[in-house]
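Worksheet: the structure to be examined is printed underneath.
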Amino acid sequence: MKTFDPEAATAAYLATLSPDAHARATAYTQGGHWLILWTAVVGVAVYWLILRSGLLVRLRDRLEGRGLGPLPTSIAVLALALTAETVLNLPWAAWSDWAREKAYGLTSQAFVGWLGEYLVYALIWVVTSTLLAAGVYALIRRSPRLWWAWSGALVSLVFILSMLVWPVFIDPLFNRYEPAPPGPVRDAVVALAEANGVPSDRIFIYDGSRQSNRYTANVSGLLGSARIAMSDVMFQKDADIAEVRAVVGHEMGHYVLGHVWWRAGFLSVMAVLALLLVDRLFPLAARWLGASGVRGLSDPAGYPVLGAMIVVLGLVGNPVAASFTRWAEVESDRFSLERAQEPDGLARALVKTIEYRAATPGRLEEILFYTHPSVGSRVRMAMDWKAAQQAEPMPVTLVRPGDLGR
């Protein structure tokens, strides 16, 4: 009997894509690395423009002159700042989030559709961020020495609340979510869910092809709102039952292992550290940005200084955040392999993601930029698991359109 070779099996899976396809994926991925830097540069430039315009200082002075209190003044100034930020960011977002995706064939969405969704997101962003930022400024006024610690706790609370309400109130604004319809797909998914203590009514299919042609699934929500969602793109690319089981098994890993709670804790720590640095470095940043008329950290007219600092700190902290996310992805891959036991299904699914994530980056590149382990390393992990189990290749059962209720 021939010994199974994980290295050769990994190479064979990666070779199912042509050299041109790999080169295109590498170009897209490495361009995305530069996008992280240029997005930060654009963000700082936007904040600088808002600051130099003097709009926030003039609005603050006018409202205070009318006897308006600090909280309503903060809300009004912050609402103006965030609205201006959203408008000024629109050209960059249109290129980076739509035109570039269109150029690489990763979206079929018309620009009008993208713009409509951008404006809806913008409205939600402006309202929620204004309230959150107003809360932070209230804490700065109330506790000038420890505001950064209290604000970190506030950010964590807002994150948890957003996870609770997002699947119920926000996601349905952009996509249609439906329970997996009767058929082989549902039977396989329900059986896997029941075997791992995941409520089977928490598994949905959504029309993700409206926005993106990416082969993807996700887990979202918290407690009663938690759910696992598979994009319909998965079933437009000849998915098979083994792939579906492997992908859903991966998302179940996030659910069962409580990665949402881990993420909330991680974000809390990162927020506290970032806000502590803002507290210490704000005067220096204000001088560099030429914050004329800003009275100090507690002044909402200085929001662009705080925002620019958060952008820079986020850029510096990106490798740490990416490493945390990669850890969670590895854990979920392991969960899928152990519970779904579909190493070949997982490998086939992963290969389909290469179009937007280069398969074999350098180690340093992966550490600095990748929010998921490289496809090559993930496929190798699946093949190593298969070798350890001495598993035979699983039969491929193609999903027919009728199996999905389409």
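The values are calculated or read from the model by the stated rules, or taken from the named source; none is laboratory data. Because the structure is a prediction, the values reported are computed rather than measured. Glycine gets a Cβ as well: all are built from the backbone with ideal geometry, and neighbour counts include every protein chain shown.
Here are the numbers:
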{"quantity": "Residue selected from the stretch 302-345 under the condition acidic (Asp, Glu) and assigned to a helix (DSSP H, G or I), by the criterion farthest from residue 270 (Cα to Cα)", "calculated": "344"}
{"quantity": "Residue in the stretch 245-263 that is among the basic types (Lys, Arg), out of contact with any Gly (no Cβ under 7 Å at 6 or more places or on another chain) and at pLDDT 85 or above present", "calculated": "yes"}
{"quantity": "Residue that is closer than 25 Å to residue 207 by Cα, of a type in the set (A, V, I, L, M, F, W, C) and either surrounded by fewer than 17 Cβ atoms within 10 Å (Cβ to Cβ) or out of contact with any helix residue (DSSP H, G or I) (no Cβ under 8 Å at 6 or more places or on another chain) (or both), where the choices are 146, 164", "calculated": "164"}
{"quantity": "Close pairs (6 angstrom Cβ cut-off, 6 or more residues apart or separate chains): within 15 Å of residue 44 (Cβ to Cβ) in the stretch 310-325, in a helix (DSSP H, G or I) and not aliphatic (A, V, I, L, M) anywhere", "calculated": "311/43"}
{"quantity": "Candidate set from the stretch 231-244 (those that are modelled with pLDDT of 80 or more and among the hydrophobic types (A, V, I, L, M, F, W, C)); member that is nearest to residue 199 (Cα to Cα)", "calculated": "244"}
{"quantity": "Enumeration of residues in the stretch 359-374 that are under 13 Å from residue 14 (Cβ atoms) and either surrounded by fewer than 19 Cβ atoms within 10 Å (Cβ to Cβ) or under 18 Å from the mean Cα position of the chain (by Cα) (or both)", "calculated": "360, 374"}
{"quantity": "Only listed residue being more than 22 Å from residue 270 (Cα to Cα), among the polar types (S, T, N, Q) and in contact with a helix residue (DSSP H, G or I) (Cβ under 6 Å, 6 or more places away or on another chain), chosen from 73, 130", "calculated": "73"}
{"quantity": "Filtered residues of the stretch 135-172 (kept if free of Cβ contacts under 8 Å to residues at least 40 places away in the same chain and of a type in the set (Lys, Arg))", "calculated": "142, 145"}
{"quantity": "Tally, over the stretch 107-128, of residues that are crowded, with 18+ Cβ neighbours inside 10 Å and either small (Gly, Ala, Ser) or free of Cβ contacts under 8 Å to residues at least 12 places away in the same chain (or both)", "calculated": "1"}
